[in-house]
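One structure below.
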Amino acid sequence: MPNLEFLTADLTESTTLPGRRIEYRVNDSLDRQRAATFDVTRELSGVVQALRFGAKYEKRDRTYNRRDINFTSGISGQRFDDSYFEAFPVDDFLSGVGGNLPTNWVMPDPDRFWDAATGKEALLDAPLTRGDRRNSYAIDERIIGGYGMAEFSLPLGGVTIRGDAGLRYAHTRQTSSGYADNGSAALPVSYERNYGNFLPSLNLVAEFTSNLQMHLAASKVITRPSLADLAPRLTINSNPTVLTAVGGNPELRPFEAWQYDGTVEWYFAPGSALIGGAFYKDITTFVFQQTRNFDLDGQIYRLTAPQNGGNAYVAGIEIAYQQLFKMLPAPFDGLGFQANYTHTKSKGTYALSDGTTFRDDLTDVAGDSFNLTAFYEKGPVGARASYSWRGKVLRDVGGAGLAANNDAAFGSLDFDISYKVTPNVTFVVQGINVAGGVQWQYVRDDRFAGYTDYGTTLMAGVRARF
């Protein structure tokens, strides 16, 4: 943490802090999703036990209208007394960290400053600006698909093989509407994409004994980009000294991958299991956030927008353990324990704005994670305490460390206690992050970027079924 001191300004003294402006923003967003499905099953006897067919129609759309207004009249350059401010609401801000930094300052009272601003009515009634149009968009996505699947079971050399094999086809039509800036005005634009995907899948289970089996699975999958990422939008940072911008990309292709999974499962006691597995995902395209220079009105901005990357992979191993201690004398025979651990490796091909490519880890993928849970379930009493931990996560690649804050490792301790008064009424007490874990963030060279202090959440309630 760096040392930072102000030569003249006192952040706790309101009269030394001249006003700048009020930033007023309206976000009008509407998301809708409608779907219709049809499924039919034909039960059979023999090796093929069932045939399933189905069709689905899905429509998603999003309209987003944003308006930004800066009120400066009556605010800019003015000095305000203590009645316009409130005390800093936290008494242990940045406690326990190095560096001589400001840890409290006066907080503006929004209502008082809103009353002080003048000329509000004229600005609120003014026509939409270029920036307002650039920030607004509408996305329409329609998906028509169908599938066929066969379920089967057969003996093979003393081993029972069962599973299913199927094929799904999905056709997607996306229309992205918004505004593009030609350097003097924001003009309406619309982009349409149509693509289809054949998605086969195979799932196999080999039952060696009643308590030992193996699962194998292979499938092709897609994940469509978020509607916000598909928007032809451009948002300019209002800070005049740090010129940054955020945009969308209506040309994004979906995530596509072949994924393979295998597990060996040993059920060594009632309600208890030891499971080991491995997975591999061969990704043909993915989406990442790219940062590049962008010229608007003669000024150079650092624009961050989603782009498609090249081929990538995610591979890993996982192990899970569950034990019910039914061998213990009552009332301890309701005790149990769960644990799982996952180790992941990944690499992807990224494209720079100059057309060159490079390989690096995938964003949003933690190298290691684990969960530990102790629980008690007997009669009307249920109790569970769990600790979840995730290793550090890369949020930005190829952006010179400026585009996003990477997440450091983070763990949370939670608990849940319930008591069933009647078959239909249960009292519940829950605690989230009771150890007070804090999510730290950093940019390149492990430099501090920020943190989120979630605090501890305690809840008590009653669940009832009628």
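The values are calculated or read from the model by the stated rules, or taken from the named source; none is laboratory data. Since the structure is predicted, the reported quantities are computational estimates derived from the model, not experimental observations. Every residue, glycine as well, gets a Cβ built from its backbone with ideal geometry; the counts of neighbours run over all protein chains shown. Note: areas computed on protein heavy atoms with side chains; ligands, DNA, RNA excluded. Shrake-Rupley method; radii C 1.70, N 1.55, O 1.52, S 1.80 Å.
Overview of values
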item	result
Net charge over other residues, Cβ less than 14 angstrom from the Cβ of VAL205 (K, R count +1; D, E count -1)	-4
Percentage relative contact order, the chain, counting C-alpha pairs under 8 Å, at least six apart	8
log10 of Debye I(q)/I(0), alpha-carbon scatterers only, for region 39-85 at 0.19, 0.22 Å⁻¹	-0.83, -0.93
For LYS378, solvent-accessible area (1.4 Å; no DNA, RNA or ligand), Å²	80
Packing-based ranking, highest mean first, of 167-179, 203-215 given that Cβ atoms within 10 Å are counted	167-179, 203-215
Distant-in-sequence amide H partners of LEU94 (H built 1.01 Å from N, under 5 Å)	none
Computed E for ARG465/ASN371 - FRET, C-beta separation, R0 41 angstrom, nearest 0.05	0.90
Region 159-256: C-alpha gyration tensor shape, a/c 1.5 cut-off, then a/b vs b/c	oblate
Mean separation of Cα contacts under 8 Å (6+ apart) over length of region 419-466, as relative contact order %	46
Order by protection proxy (mean Cβ within 10 Å, highest first), peptides 148-156, 293-301	148-156, 293-301
Rounded to the nearest 20 debye, dipole of the chain from Cβ charges on Lys, Arg, Asp, Glu	1540
Mean shadow area of region 320-466 over all directions, Cα convex hull, nm²	12.6
Residues of type aspartates and glutamates that LYS120 reaches as a straight line, Cα spacing below 15 Å, ignoring anything fewer than 8 places off in the same chain	GLU23, ASP68, ASP111
Kirkwood hydrodynamic radius (C-alpha pairs) into Stokes-Einstein, the chain, 25 °C and 0.890 mPa s, D in µm²/s	89
Listed peptides 316-326, 33-43 by packing density, highest first (mean Cβ within 10 Å)	316-326, 33-43
Cα-based shape type of region 75-182, given that a ≥ b ≥ c are square roots of the gyration tensor eigenvalues and the cut on a/c is 1.5	oblate
Within-13-Å neighbourhood charge of GLU256 [Cβ basis; K, R +1; D, E -1]	+3
Reciprocal of mean inverse Cα separation for region 221-300 (Kirkwood radius, Å)	17.0
Between region 316-338 and region 56-123, the alpha-carbon center distance in angstrom	51
CD proxy at 222 nm, helix term only [per DSSP H run n ≥ 4: -39500 (n - 2.57); per residue of the chain; nearest 500]	-1000 deg cm²/dmol
Average projection area in nm² (convex hull over Cα atoms of region 72-128, one quarter of hull surface)	6.3
Partner lysines for LYS347 [C-alpha distance under 17 Å; skip if fewer than 8 residues away on the same chain]	LYS281, LYS392
Rounded, prolate or oblate (a/c below 1.5 giving rounded, otherwise prolate when a/b exceeds b/c) for region 1-135 by Cα gyration tensor	oblate
Candidate aspartates and glutamates for bridging to LYS59, where Cα separation is under 18 Å - those fewer than 8 sequence places away on the same chain excluded	ASP31, ASP140, GLU141, GLU192, ASP229
Mean separation of Cα contacts under 8 Å (6+ apart) over length of region 171-249, as relative contact order %	24
Region 217-371 - Kirkwood radius from inverse mean 1/r over Cα pairs (Å)	19.1
